[in-house]
Amino acid sequence: PSLLGSAFPDLFKEIFTSHPRSYGAFDGLANIGVIMLMFIAGAEVDLKQIRLQGKQAASISLMGLLFPFALGFFCIWFFHDYIFDVPSTDRLIPALFFGTALSITALAVIVKVLMDLEIIRTKVGGLVLTAAMIDDFLGWILFSVIIQMMNAKGDASNGSIIMILVFVVFMLTVGRWFVDKILAFSVKYLSVPSGVLTVAVCLCMLGAVFTEYLGIRGIFGAFLMGVAVGDSKHFNHHIQNIFQQFILMILHRI
């Protein structure tokens, strides 16, 4: 799309944007695929290993966030009129936007690479994934604040940030207990593994929808829900492998 949009804009429009409903369906399928991928990644996360690597991951993540953010922010702040055709007297929001855009990582791509290399559950894989998760989480919170600043809804941004932080704390504490009870009910009264997988997918979508409602990308809700599901003793390794193969098959189809 980037190449066609630059070299052949008419062809790009005909293929990608001339039929909004078709493009919306394609984009929706792609988002579902990414949400499922992040759910698998969350289920692969070992919370005990993260606790051991928390300080290391936080220091790596902060450096990976601050350096590109500062680079993007100051480039736009000092060279805005050289980059854009229209001069701007208020450079704060554009500078914040570009700094944040440079600091957010491709978490879904990192997860897929770690899974393909089969190192996602190793010490290095866990450290990379934890650092990327912290980086993206902080980056998307900041991005949601900037979007709301652009829409002149500063009061709403504070409420959204509080709700996001509350959701994270809930999912890593009490939420894990609720998820474990739900999976225990599904194991007892539904068929295994199909019933458990169905409940897991529903929980994944519920988490994604809720974080989208809070103003942050749905992949974070799916990821946190995956962490809670993967931590449950009822979502054992056998069911997890079946679920992973099923989702990867769907991703290849998409």
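The values are calculated or read from the model by the stated rules, or taken from the named source; none is laboratory data. Just so it is clear, the model here is predicted, and its values are computed rather than measured. We place every Cβ from the backbone using ideal geometry, glycine too, and count neighbours over all the protein chains shown. Remember, those area values only see protein heavy atoms, side chains included, never the ligands or the DNA or RNA. Shrake-Rupley method; radii C 1.70, N 1.55, O 1.52, S 1.80 Å.
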The helices (runs of 4 or more DSSP H) lying wholly within region 3-84 that contain at least 3 residues that are more than 24 Å from Arg121 (Cβ to Cβ) and open to solvent by 100 Å² or more (accessible area, probe 1.4 Å) are 20-44, 47-83
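So that you can scan it fast, the table gives a plain yes or no per residue for (1) at pLDDT below 80; (2) within 30 Å of Gly42 (Cα to Cα); (3) open to solvent by 80 Å² or more (accessible area, probe 1.4 Å):
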{"residue": "Asp90", "(1), (2), (3)": "yes, no, yes"}
{"residue": "Phe97", "(1), (2), (3)": "no, yes, no"}
{"residue": "Lys112", "(1), (2), (3)": "yes, yes, no"}
{"residue": "Leu117", "(1), (2), (3)": "no, yes, yes"}
{"residue": "Leu142", "(1), (2), (3)": "yes, yes, no"}
{"residue": "Met149", "(1), (2), (3)": "yes, no, no"}
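Each row is one residue, and each column tells you yes or no for (1) at pLDDT 80 or above; (2) closer than 24 Å to Ile216 by Cα.
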site: Ser6; (1), (2): yes, no
site: Lys13; (1), (2): yes, no
site: Phe16; (1), (2): no, no
site: Phe26; (1), (2): no, yes
site: Gly33; (1), (2): yes, yes
site: Phe39; (1), (2): yes, yes
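Results for (1) at pLDDT below 75; (2) within 30 Å of Pro68 (Cβ to Cβ), shown as yes or no for each residue.
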site: Thr122; (1), (2): no, yes
site: Ile164; (1), (2): yes, yes
site: Val174; (1), (2): no, no
site: Asp180; (1), (2): no, no
site: Ser191; (1), (2): yes, no
Those residues of region 41-60 which are within 20 Å of Ile219 (Cβ to Cβ), modelled with pLDDT of 75 or more and out of contact with any Phe, Trp or Tyr (no Cβ under 9 Å at 6 or more places or on another chain) amount to Ala57
A careful count of residues in region 80-125 that are under 14 Å from Ile146 (Cα atoms) and basic (Lys, Arg) gives 1
